[in-house]
Structure formats: C-alpha cells, structure tokens
Amino acid sequence: MTRPRSSPDVLVAGGGPAGVAAALTLASQGADVVLVHSAPVAGRRVLESLSPLARPLLQGLGVLDRLPSECHAPCYGNQSSWGGPALTASDFLHGPYGAGWHVDRAPFDAALRRAARAAGVRLHTGSVRSVARHGGRWQATVSRTVMTAPYLVDATGARARLARRLGARVVHTDHLVAVAAEVPLTVPGHDGPYGTGGGPERTSLVESTPFGWWYMAPLPSGRHVVMAVTDADLVAGAGLRTPEGWWAALAATRHVRARVAAHHTTAPPCLRVLPAGTSRTLPPAGPGWAAAGDAAAVTDPIAARGITHALATGISAATALIEEADGDPRAQDRYAALVGAVHDEFLCARATCYRAEERWDTPFWTRRRTPAGVMNDQGQAPRLLLPAETGPGATPGSSH
Ligand SMILES: Cc1cc2nc3c(=O)[nH]c(=O)nc-3n(C[C@H](O)[C@H](O)[C@H](O)COP(=O)(O)OP(=O)(O)OC[C@H]3O[C@@H](n4cnc5c(N)ncnc54)[C@H](O)[C@@H]3O)c2cc1C
C-alpha cells in the first residue's frame, strides 16, 4: 500500500453532482480536498432534465459558464398527459430562472469534475473500498492507496456505500425501475436533431399508463431517451422485458407514440433497466462525515429534481463540515434535520402527484393511494426482481 503525497482536509467519495458541489464549496473556503471518483457504470445515467432551479446553484459554484454546450440542450418545459388523456404544458420560461436543460449525464459530470480540478480540488480516480475512524481521522482504502482525512463526504450515489459502512441504513419506500432505450429521432426537413425553434421537441413528455408512466426527452446528441417507468415486480406483466414488448407497450400510448411516429423510427435493439426507487439514508450525517445527493436521499424521477437536490445537499453537507471544523457541535444534526425535512416534503408532493391520476385501479396506482406509500399486496415495499439488463445486445444498466 502507498500513501498519497499529503493528507487532505476532506475526502469526498463520488464524482457526480453532489460530490463536485461539496468539493467546490469546501475548496472555496480554503480546504484541501481530494475527490475520489470511480468510473460510472456505462449507460447508468443517460439523459436527465435539469430544473431551472439548478441554475443559481451552478452559478454560485462558479461552474455555470464552464459547461460545454455538447452536454446540454435547452428544455423549455414539460408536456404531460396525467389524470386525463389531454396533453397539458408547463412552461419554464415564465419562471424566474428561465429554461431548464436536457443534460447528457456523462459529459455533464465530466465537465463538473474539470471545473472542480480548475478550482484546486485534487481528483483521484479509484473506488473507496473501506473507511474507518482511527485517532480522530478517517482512514480510507482507495484502490491500493490509504488516505486519511479528518472529514469525509459520502457522495457515492443511491447505495450510500460509505454511510452504510459507518452504520447508517438505507430505507426504501419503493422499487421503481425505468426501462429505457435511446432512439434516433430526426426531424425531416430540418437541419438539426431537434428541428428548429422551441417546439415540443425541446420539452420533456410524460404520459401515464395503467402500469406506470412514460418519459421522453431529447439528448443533446440528437437521439431521444424514452423510458417506461413502473415497479420492478410489474415489468414482466407490462410486457417490458423485451424490446418487442416494450415497443408494443409504447404503441399503446397516445402522445409518446405520436412523437415517436413522427420520426419514422423502429424498435430499439436493446433496453436498459435502471433502478429508480425512492429511499433515504438514516442518519445522513454524523461527527466528521456527511452524505450528500442520492447517498443522503433518493427522489422519484417523476420529480426530476435529483440533480438539483444533489447540488444543494452537496453545498449544505460541505457547509455543515466547515461549521463543525469551526467548533459547532450541532452542525451535523442541523444538516441531518434539513435533509429529513426536504425528503418529507418531497414524499408529500409525490403522494399528491400520484393521487392526481385516478383513472386506473391497477397495482401501480392503487399502491400509491395507500397512506403508507408504495406497498405491494403483502404490505411490503416490492422487491427488485429484475436483472440489470434485458434484450439482445443489452448495455449494462445500473448496478444500484
Ligand atoms: C431513471 C432515472 C431518471 C432520472 N431522471 C432525472 C431527471 O430527469 N432530473 C434529475 O434532476 N434527476 C433525475 N434522476 C436522479 C439523478 O440521476 C440523481 O439524483 C443524481 O445523479 C444524484 O447525483 P449524486 O452525485 O448524488 O450521485 P451519482 O450521480 O450517482 O454519482 C455518484 C458517483 O459516485 C461514484 N461512486 C460510487 N461508489 C464509489 C466509491 N466507492 N468510491 C468512489 N466513487 C464512487 C459513482 O461512480 C458515481 O460517479 C433520475 C434517476 C434515474 C434513476
């Protein structure tokens, strides 16, 4: 085993939005930060909608102007068919922060890490394998290196790898999955992948169905991501295990089918199954450490606020560690209470959102009408039953 050239003040594990936001916040206060980043599983994060609310956070971190246009395209709002067959639109342009973005996650995250490096954060490629407290410092094994630091941030994503090693529990309220495909869509007669102007191709589209809901949005590269979202134990019954079944389910929609049909495309060759369940980590912080982003709490993708939450909690976790280092013994308790309150608010908003769809008494929807949240017929959160990939030539999906 080798030791790094000097021990940092803070070790941040995870190079997604939460880890970068924490690292940038700490570095801006003069902390020596090492950000340990393991290469993400290919295809685990593809396209996501970034709320306009993320703009002031990115601006405050000093990275808004450092994100190249290849990794994002404007998102002018959402169209949804939810609670009724008609399509309704919500327009971001009337909000205080203007348009949101459709972000291509791999280049977006890479651009964030480059910005962190430019701000003085030391990037280290590898995986934190273990962590333990010795003599008031964290000792972490990172690949074949031992690193020590007085403070630690777990930004490893939904599995909260470090928090769990420190005794925290990840409590799930559902086992939602997204069965996703990238489809090449072009607009005949237009020069760009989206066509010109700000028409429906520059909005995301959500459509509820008896088994769950569909989501569709354009990647900056010109392809589109289309995903069917349901509970893990309902995938087979909905026919979503194979590209052919998935395509047939898409054909039974109204608005997603119409958007896809306009582009003369065919069934995708493979599907990815991405775990998308809601969970919270208890506790999300303790003396000398804090979890941020999905490692602290995971929100349902219907809210499209995971990246914004990751940036915000990354900043707040870093602030709590700085306050603790300045002698405030209650800083981590306040941070944990904040994470809990935000997650409780999210759960209320999610319940209201799902209850607005009353057309079907199918398992997906009736589970969401129970006071306890998403439960199966035995009164338990349904278990994840799926392999991580499906269909011929499937690309590996998430290994959450
Ligand atoms: C299907 C789906 C659709 C979604 N859609 C949206 C959307 O439209 N809008 C939105 O805002 N959010 C969306 N989300 C949520 C969003 O993806 C997450 O909330 C966000 O990525 C969380 O960021 P993070 O930095 O906490 O974690 P992650 O992005 O998961 O980053 C964690 C990083 O840590 C690394 N890592 C893991 N273990 C270790 C280790 N031991 N050592 C070092 N590094 C490690 C991983 O490789 C990864 O790079 C969606 C999620 C899903 C599943």
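Only the coordinates and a few stated rules stand behind these numbers; no lab work does. These numbers come from a predicted model, not from an experiment. FYI the Cβ positions are ideal-geometry reconstructions off the backbone, even for glycines, and counts take in every protein chain you see.
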Spin-label model distance (nm) - ALA252 vs THR362, 7 Å beyond Cα toward Cβ | 0.6
Ordered by packing density, taken as the mean number of other Cβ atoms within 10 Å over each peptide's residues, highest first, how do 223-235, 15-27 rank?
-> 15-27, 223-235
Kindly rank 141-147, 284-290, 57-63, 355-361 from highest to lowest mean number of other beta carbons found within 10 Å of each residue.
-> 284-290, 57-63, 141-147, 355-361
ALA285 long-range amide H proximity, modeled H, under 5 Å = ALA291
Per residue, what volume in Å³ does the Cα convex hull of segment 240-323 take up?
-> 127
Of 65-78, 160-173, ordering from highest average Cβ density within 10 Å down gives 160-173, 65-78
Relative contact order of segment 128-179, pairs being alpha-carbon contacts under 8 Å that are 6 or more residues apart, as % | 24
Mind pulling the per residue volume of the convex hull built on the Cα atoms of segment 40-187? Å³ is fine.
-> 188
Grab the Cα-Cα distance for SER90 and ARG330, subtract it from 0.36 nm times how many residues apart they are, and report the gain in nm with one decimal.
-> 82.3 nm
